[in-house]
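Taken together, the values in this text are just the output of simple stated rules run on the coordinates, not laboratory data. Computed from a predicted structure; not experimentally measured. FYI the Cβ positions are ideal-geometry reconstructions off the backbone, even for glycines, and counts take in every protein chain you see.
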Amino acid sequence: MVSKRAKQDIRMKGIYNPKGVSINGSKTVSVFGLGFVGLTTALGFAEIGCRVFGIDIDEERKKSLRNGVVPFHEPHMDGILNNHLDSNFFITDEVSEAVKESTYIFYCVGTPYGTDGTADLTYLFSAIDSTLDAINDEKFRVLVTKSTIPPSTTAEKILPYVNKKGNKSKFLRVANNPEFLREGHCWEDFMEADRIVLGVNDEKSRELLAELYEPMGIPIKCVTHSTGEFIKYLSNTLLATLISFSNEMAQAAEAFGGIEVAEAFRILHMDKRWNDCNMTSYVYPGCGYGGYCLPKDTSAFYSQAAEKGFEAQILKQVIQTNTERPKRIAERIAFYLNEYIQAGTVGILGLSFKPGSDDVRDTPAIKIIQELQKLGCKEIVAYDPIAKEEFHCKYPGIGISYADSIQEVYDRSDILAIVTAWEEFRIIPALGNKKIIDCRYML
C-alpha cells in the first residue's frame, strides 16, 4: 500500500491519481483558455489519458507554459504540467488542426463583468467563432462552455448562434459544464471533485460527456442547459452571501462594542448544524470577497435576474455590503492613524484576495489602499509573500512602496493592517507594540 506521504509526493509530480482512473486514450480534447480553470481542465483530461490541445491568445502565457512554467501560483501544477507537456498535452497555435482532431471543445475563457454588472461574453463568442471557422468536415463534436455564464445563456444566445451556421450545426452539439475550483486547490478540486455537472439538452452530448468523465469515478449529474448554469451561480452567490453576512455582523459587533468578534465566530463554527461542512472560511468576517468569480458572478446573476423582471433584494444588499466593506475598513485604519499617531505610514499586510494564491483581481487590498489615499493617507508600504510582483504589474500607478519581508514592513510602518489572512502574519504581535488593525480577525 502506498503511504499518505508517498501519495502526496507522487501527486506533486502529477503522476498519481487518487481514484485510480483508467486511461482514456481514444478521446481528443481542445481547451480554449489556459488560465486557472483552462489549464487545470486540460491537464486533468491529460492525466486520465486523453490527448489534449491547449489554445490561448496570450503569447506570454503560452511561452511560459511551453517552457514548463505555470505563470500563476497554483500548488503542484508545474510538476503536473511537465509530466504531460508534449506527451499528451500540446499547446498549439494551429486552431484548425486542434479542432479537426477533437471531439470535445471546451471553452474556459474569461467572462468578466462590465460597469452594469452583466457578463461580457466577447471572449467566449470569439473562441466559438474560431472553432466554427476551423470546421470543414462532418465530424460530430460537442462544444462545452466551462466559463461561468448566467442562466439561459446557452439556450438563448449560444445555441441559436451555433445553429445559424447552417449545415455545420448538424454535426455540432452545445453543452455547459460549470467548474467548482478553488484557487490554490484547483488540481485536487478537479481530480477529486464532489460532482460533475453537465448542462445537456440532447442525448448525444450527454452520452459523449459522460463517457469522457466516467473514468474519473465521480458522480455525474446531467441537467438542462439553464440548470447547469444556475447551479454555478447558486454556489457562488451563497458563498458571497455568507461572506457578506459575516462582514455585516462584524460591523454590527464593532458598533455595539465590547464584543470579541473572532471568538464569537469561532464559537459559531462549533454548532453541530454545520455538520463538518467546512464553510468556516466563508462564514467569517474579513475585508470582503474578491478574486475573479464571486464579484463577477454575483453582479452578473443580479443583472440577469433583473433583466428577467425580478430584483433580487438580498443579493443586491450582498453586493452593496461587499462594495462598502473596504471603505469601512479604510475608515477604521484612518481613524487610528489620525487619532493616535497624527499621520504616518500604513503597512498593508497581504495583497492577494486570499491566502495561498497570487491572484490580485478585484482584491480588497487595492480598494482599501485607494480609500486610504482618498482619506489623506500619503505613505503606504505593502508586503505579500507571493503576490507583490503580480500586484505591482496589475496596479502600476497606485503610488505605494513595497517591502520584501514582514520585518521590513513592520519597521517602516507606524500602523499595520492585516488585509490577507496569510498564516505567517500571526507572528506580527511578537515583533513589537505597534498598532495592528486585524481586518481578518486572525490574531
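Name the residues of the range 139-174 whose amide N is less than 20 Å from a point 7 angstrom out from the Cα of LYS100 along the C-beta direction?
Taking a point 7 Å out along Cα→Cβ of LYS100, the residues of the range 139-174 whose backbone N falls under 20 Å are 139-143, 168-169, 171-172.
Scan around TYR113 for amide H atoms under 5 Å from its own, H built in the peptide plane at 1.01 Å from N, and keep only partners 5 or more places away or cross-chain.
HN-HN under 5 Å from TYR113: ASP120.
Quick check: the distance between the Cα centres of the range 181-235 and the range 48-106, to the nearest angstrom?
21
Just to check I understand the Karplus step: with θ = phi - 60° and J = 6.51 cos²θ - 1.76 cosθ + 1.60, what whole-Hz values come out for the range 168-184, glycine and proline as x?
Calculated HN-Hα couplings, in order: 4, 5, 4, 9, 10, 10, 10, 8, 10, 8, x, 9, 10, 8, 9, 4, x Hz.
Within 10 Å, count the other beta carbons around each residue, average over each peptide in 86-98, 318-330, and list them highest first. Please report the intermediate quantities before stating the final value.
Working: 86-98: 16.7, 318-330: 20.5.
In decreasing order of mean packing, 86-98, 318-330 become 318-330, 86-98.
Report ³J(HN,Hα) in whole Hz for each residue of the range 38-50, in order, from the Karplus equation J = 6.51 cos²θ - 1.76 cosθ + 1.60 where θ = phi - 60°; Gly and Pro get x.
Taking θ as phi minus 60°, the curve returns x, 5, 4, 4, 4, 6, x, 5, 5, 4, 8, x, 6 Hz for the range 38-50.
Please work out how much length the chain gains when fully extended from GLN320 to PHE125, using 0.36 nm per residue of separation minus the C-alpha to C-alpha distance, in nm with one decimal. All intermediate terms of the calculation are to be shown ahead of the outcome.
Details: separation 195, 0.36 × 195 = 70.20 nm, distance 3.03 nm.
Computed gain between GLN320 and PHE125 is 67.2 nm.
For the chain, what is the calculated [θ] at 222 nm in deg cm²/dmol (nearest 500), taking -39500 (n - 2.57) for each run of four or more DSSP H residues and dividing by its residue count? List each step's numbers first, then the result.
Values: 16 runs with 183 residues, N = 443.
Value at 222 nm, helices only, nearest 500: -12500 deg cm²/dmol.
Show me 349-356, 48-55 ranked by packing, highest mean number of other Cβ atoms within 10 Å first.
Details: 349-356: 25.5, 48-55: 23.1.
In descending order of packing, they fall as 349-356, 48-55.
Give, in nm to one decimal, the length gained when the segment between ILE267 and ARG426 is fully stretched (0.36 nm per residue of separation minus the Cα-Cα distance). It would help to have the intermediate numbers written out before the result.
Working: separation 159, 0.36 × 159 = 57.24 nm, distance 2.00 nm.
The ILE267-ARG426 span can extend by a further 55.2 nm.
List residues of the range 201-232, by number, whose backbone nitrogen lies under 20 Å from a label position 7 Å along Cα→C-beta of SER26.
Counting backbone N atoms under 20 Å from the label point, the list is 203-218.
Can you bin the range 347-409 into rounded, prolate or oblate? Criterion: square roots of the alpha carbon gyration tensor eigenvalues sorted a ≥ b ≥ c, rounded for a/c under 1.5, prolate for a/b above b/c, oblate for the rest. List each step's numbers first, then the result.
Details: a/c = 1.70, a/b = 1.23, b/c = 1.38.
Oblate.
Between GLN370 and PHE180, how many nm apart are label points set 7 Å from Cα along the C-beta direction?
3.3
State, to one decimal in nm, how far the label point of LYS204 lies from the label point of ASP78, with both points 7 Å from Cα in the Cβ direction.
Reported label-point gap for LYS204 and ASP78 is 4.5 nm.
Let me check I've understood the local charge: for ASP404, count other residues with C-beta under 14 angstrom from its C-beta, Lys and Arg +1, Asp and Glu -1. What total comes out? Before the final figure, lay out the partial values.
Details: positive: LYS388, ARG412; negative: ASP384, GLU389, GLU408, ASP411, GLU424.
The answer is -3.
What percent do you get for the relative contact order of the range 26-174 when only Cα pairs under 8 Å and 6+ apart count?
23
Round to the nearest 0.05 the FRET efficiency obtained for GLU138 and ASP404 when R0 = 51 Å and r is the Cβ-Cβ distance.
With R0 = 51 Å, the Cβ-Cβ based efficiency is 0.30.
Residue by residue, what Karplus-based ³J(HN,Hα) values in Hz, rounded to whole numbers, does the range 241-248 have, using 6.51, -1.76 and 1.60 with θ = phi - 60° and x for Gly and Pro?
For the range 241-248, the Karplus-derived couplings read 5, 4, 5, 5, 4, 5, 5, 5 Hz, x marking Gly and Pro.
Note down the magnitude of the dipole of the range 314-370 about its Cα centre, charges +1 on Lys and Arg C-beta and -1 on Asp and Glu C-beta and zero elsewhere, to the nearest 20 debye. Before the final figure, lay out each step's value.
Values: 8 positive and 6 negative charges, 40 e Å.
The dipole magnitude comes to about 200 debye.
What percent does the relative contact order of the chain come to when contacts are Cα pairs within less than 8 Å and at least six residues apart? Intermediate results must be reported in sequence, preceding the final value.
Working: 779 pairs, mean separation 52.6, N = 443.
Dividing the mean separation by the residue count of the chain yields 12 percent.
Ranked highest first by average number of other Cβ atoms within 10 Å, how do 130-142, 421-433, 218-230 line up?
Working: 130-142: 16.0, 421-433: 13.8, 218-230: 18.2.
Answer by packing, highest mean first, reads 218-230, 130-142, 421-433.
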